[in-house]
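Input: a single structure, listed below in structure tokens.
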Amino acid sequence: MRDQKQRKAEFGDFQTPISLAREICSLIARTGFRPASILEPTCGTGSFLKASLETFPEVSRILGFEINPLYVAQAQHTCALTFPHTSVRVHQSDFFLTNWAEIVEDLPEPILVIGNPPWVTNTALSTWGSNNVPMKSNLDNLRGIDALTGKSNFDISEWMLRKNIEWLNGKNGLLAMLCKTTVARKVLLYAWQNELRIEAASVYILDAQEYFGASVDACLLLVRSNPMGNSRECLVFRSLHAQQPDSLFGLQDGMLVADVKSFLKWKDLTGTGFRGWRSGIKHDCSKVFELRVERGNFLNGLGEFVDLEPEVLFPLLKSSDLATHRKPRRWMVVPQRAMSDNPSRLRLDAPKTWNYLTAHAHLLDKRKSSIYRNRPRFSVFGVGLYSFAPWKVAISGLYKKLDFVQVTPFQGRPVVLDDTCYFFPCQSEEECNLLYELVTSEPAREFWSALIFWDAKRPITAQLLNSLDLMVLVQLLGKECDIARTLAERQIVEYTEGAYQRLLFREEAVDYGDEQVANELDLPAA
């Protein structure tokens, strides 16, 4: 049992049941594809090798590669026992050190590259002390932020699948791989953006719990390559046995869209360069920064009653509060009014708060996010004049529904949100009411829904929300008025302080490779 756990940790080792391998090979055969050669880069105990030979007995060459010597022996034995007269070569090999270009170039076409690469991230491998990872390289030519094989967290299978699809570029072949659905989309986006020759692509949703005992959204990814291929779309089937696709996602106007048909209907609502929607305040130390009221006094997460200046305390809403439409139950200590502020000003302006933060410096100084490096002590992130707007329209970034909430002042104070939420600041109740009417309209909801992949870890982002042009929506709905124009203008230039903050921290976020911060700033990140 210990060896099995160690293999799963070191190699993301989830062996494919032979029944599933047979289903997948049968599906491939139904598409009409007939390989001349078969390659499995991480063959494990040989389930796909065996199922491939059963389905395509006429194949001329079949190769398997595997890093685990015990699995190599088992795969060789399985194939030799079942197909004694067929030449199946299984090699012990490290995927990351193998000369795949030379191997693939020697294979007759059509080529089937099939398998089940490791379902594990580099961060998990590092936590387990594993060295079974690719060499670091700036795969996406990212500036400052490490690429998929650098600092940022990435699925090992994504790196492998990029290589797989590159092998087949310009060749007659088929990639058939089990992976997470998020990985499948990222790999296709990479292929489309780099204009790799794809004739067709499809995703078949898989019950990972049934086959692997894993609670993850998974699929079979099929990518048909052809020297003349130019497709930028992917069909989505609800199961391996589905006869008709449920939806179609693809690359449209440089964006990955979840529903191509719906996007084309509302594409005129697309805007670029907008910054009206913001993420909430990021502090990474709830025990210190978040307070609740008990018996009329403030209590922190350490069980301590605290007495602070009222001007640093603001009612707080979190994602769960927005999802359930609750009023604020907590308060946040906000030591800054802008990213350019230095919390040390609290020594004079709010000495009780300064003493409180200093007393808990041992916790605040341990915050791991790189955005706090080289920043004034006790700084928070994502705070600006917009954070303190009296009215807001907000939405959770974590819950899988387009559920907007009107946020009103609470006990005479503007409500702030944490960094799992997104909001658009309003200066009056009239602005808030009109904005809510706009964003809950059918065109707005259908436009955003066309872009959202609901199985993503954070399906709703500021970048997604800012992709809708409010002025175009206003005109479409016939809602032109001074308030509507004010909201649309704020989407373009929302608080000059905010624009200054983006310029100030853009370089820092890039240099430190902070993935969450990069997402909040709409920077490219893995």
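Shape summary: segment 241-281 maps onto an equivalent ellipsoid whose semi-axes, from the alpha-carbon gyration tensor, are 28, 14, 9 Å in decreasing order.
Measuring between alpha carbons in the structure, the pairs from LYS287/LYS457; LYS282/LYS366; LYS401/LYS457; LYS327/LYS457; LYS287/LYS400 lying more than 22 angstrom apart are LYS287/LYS457; LYS327/LYS457; LYS287/LYS400. Per residue, the solvent-accessible area of segment 205-289 (1.4 Å probe, heavy atoms of protein chains only, all protein chains present) comes to 48 Å².
So what is the orientation-averaged projected area of segment 344-425, using the convex hull of its C-alpha atoms, in nm²?
So the mean shadow area of the Cα hull is 7.1 nm².
Within the shell of other residues whose beta carbon sits under 14 angstrom from the beta carbon of GLU437, the net charge comes to -3, with Lys and Arg scored +1 and Asp and Glu -1.
What shape does segment 323-463 take by its C-alpha gyration tensor, where a ≥ b ≥ c are the square roots of the eigenvalues and a/c under 1.5 counts as rounded, a/b above b/c as prolate, and the rest as oblate? Taking the square roots of the gyration eigenvalues as a ≥ b ≥ c, segment 323-463 is prolate. Determine the share of segment 241-367's accessible area contributed by carbon and sulfur atoms, expressed in whole percent, with a 1.4 angstrom probe. Roughly 50 percent of what the probe reaches on segment 241-367 is carbon or sulfur. Scattering from segment 297-363 was approximated by placing one identical point on each alpha carbon and applying the Debye formula without solvent; log10 I(q)/I(0) at 0.14 1/Å stands at -0.49.
The values are calculated or read from the model by the stated rules, or taken from the named source; none is laboratory data. For clarity, every value in this text was computed on a predicted model and none was experimentally measured. So basically every Cβ, Gly included, is an ideal-geometry build from the backbone, and we count neighbours across all protein chains shown. For the accessible areas, the whole protein counts, side chains as well, though only heavy atoms, and no ligand, DNA or RNA atoms are used. Shrake-Rupley method; radii C 1.70, N 1.55, O 1.52, S 1.80 Å.
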